[in-house]
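What follows draws every value from the coordinates through simple rules; no lab data is involved. A quick note: this is a predicted structure, and the numbers were derived from the prediction, not measured. Don't worry about glycine lacking a Cβ; one is built from the backbone with ideal geometry, like all the others, and counts go over all protein chains shown.
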Amino acid sequence: MTATSDGTPKVAIILGTRPEIIKCAPLIKACDRRGVDCLLIHTGQHYSEDLDQVFFDQLELPTPDYNLEVGSRSHGEQTGRMLEGIENLLEAHTPDIVLVQGDTNSVLAGALAGAKSNIDVGHVEAGLRSFDREMPEETNRVVTDHVSDYLFAPTEETKRYLERESVPGEIVVTGNTIVDSLYEYRDLAAEKSDVLNELNVAEDDFYLLTAHRAENVDTRDSFDRLLEGVSRFAAQTDREVVYPIHPRAQSRLDEFGLAVPEEIRTIEPLDFLDFLRLESAAALVFTDSGGVQEETCILGTPCVTLRYSTERPETAYVGANCLAGLDPDDIVEAGTMMLGKCADWDVPFGDGRAAERILDVLAVGAEPDAAEVPT
């Protein structure tokens, strides 16, 4: 990577959703520690400014230099608007490298804008594969990996996927930055968050549910079966389910006229520390989120994934997670298998120094005594 004219490398970090804020936070902070000029571009893909700002505040991150405020649109229109806006900013600021994280439309737009501007692109969390091309995120992952110059794979498994596809960029196993974030903030969440008292739930005496994916909530039958399976398991085990409901999911409930079963309590979306506290304290988590599969694995909370495929198979390999799909009987069976499981699994996503390794690979700044790359 070539430095800017004054010898100081400039890194552009592009993000657009709250999971990306959490996973990019260690990179932003590592750049700050190393005195690296960091251009922070927010696409506005998650368009609730108030919720986003809470995440920046709690993670003690600087306000983005730019917010494109793209908002919710079709995949093509959203990605196109991001691509145009990011390209203009890259042309104006000429960073040395563009860093994107994950698999959203913001990631795809950022990677394409960087590649078309002849700027090196680094993909953080490269190589994830669900092998389900019906997922738009899978297309985003594959395309981003194939236009990136640096592929920061979180595990050896993801490295092997990239090698099989013969991607042209440099592949380095760094661990996952979500470990960096959770190791830094989990104690703070336990200390600062009062969400258990606010919801009147006791540790290990409730379940947590997240469900927002299009394939699960955009059809009435799928959403109904998901809710039936989770609520049936909750009734059988005499526990309540807390469901911080995504705006997309709430709009679908209203549209379909679906009643939420009495065992499931819907609440407003939560800030980072409150959600982290619930993840840590829940007896079991039901989710369709890839990020939540990682987080529960790291935090030692058993997880049931309400999907038929996952791009985080390592969580299942170590015994922290299982795939249930959407059949109510299968959800109950999976919940029974995972409830009370001892969290003695090894965390497969690294040791919490992924951000430092990434900047070391890019030769950006200097951090003494960097740890060795995990295996």
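Overview of values
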| read-out | value |
| --- | --- |
| Residues of type lysines that LYS116 reaches as a straight line, Cα spacing below 19 Å, ignoring anything fewer than 8 places off in the same chain | LYS10 |
| Residue (of CYS31, GLY102, ILE245) at the positive-pole extreme of the chain, dipole from beta-carbon charges | GLY102 |
| Positive-end extreme of charge dipole, the chain - chosen from MET82, TYR66, PRO269 (charges on Cβ) | MET82 |
| Three-way shape call for the chain based on the alpha-carbon gyration tensor, with the a/c threshold at 1.5 | prolate |
| Extended-chain gain in nm, criterion 0.36 nm per residue less alpha-carbon gap, GLU84 and ARG33 | 15.3 nm |
| Percentage, to the nearest whole number, of Cα pairs in region 191-338 over 25 Å apart | 20 percent |
| Residue of LEU99, LEU68, LEU276 that the Gaussian network model of the chain assigns the largest fluctuation, springs spanning Cα pairs under 10 Å | LEU68 |
| 17 Å cut-off, amide nitrogen to a point 7 angstrom out along ASP204 Cα→Cβ, residues in region 268-284 | 278-284 |
| For region 97-241: span of alpha carbons on each principal axis (Å, largest first) | 55, 41, 26 |
| Selected from HIS212, HIS75, HIS246 as most flexible by GNM, with the chain as the system and alpha-carbon contacts under 10 Å | HIS75 |
| Gaussian network model of the chain, Cα within-10 Å springs - most flexible of LEU90, LEU273, LEU188 | LEU188 |
| Cut-off 15 Å, label 7 Å out along Cα→Cβ of LEU339, residues of region 266-303 by amide N | 282-286, 302-303 |
| Part-to-part distance (alpha-carbon centres) for region 174-194 and region 11-80, which is given in Å | 18 Å |
| All aspartates and glutamates inside 18 Å of LYS192 as judged from Cα atoms, apart from same-chain residues fewer than 8 positions distant | ASP57, GLU60, GLU184, GLU203, ASP271, ASP274, GLU279 |
| Rounded Å value of the spacing that divides the Cα centres of region 290-356 and region 105-137 | 24 Å |
| Helical mean residue ellipticity (222 nm; -39500 (n - 2.57) per DSSP H run of 4+; nearest 500) of the chain | -14000 deg cm²/dmol |
| Separation of the TYR317 and SER117 label points, Cα + 7 Å toward Cβ, nm | 3.6 nm |
| Radius of gyration and Dmax over the Cα atoms of region 14-76, both given in Å | 11.8, 39 |
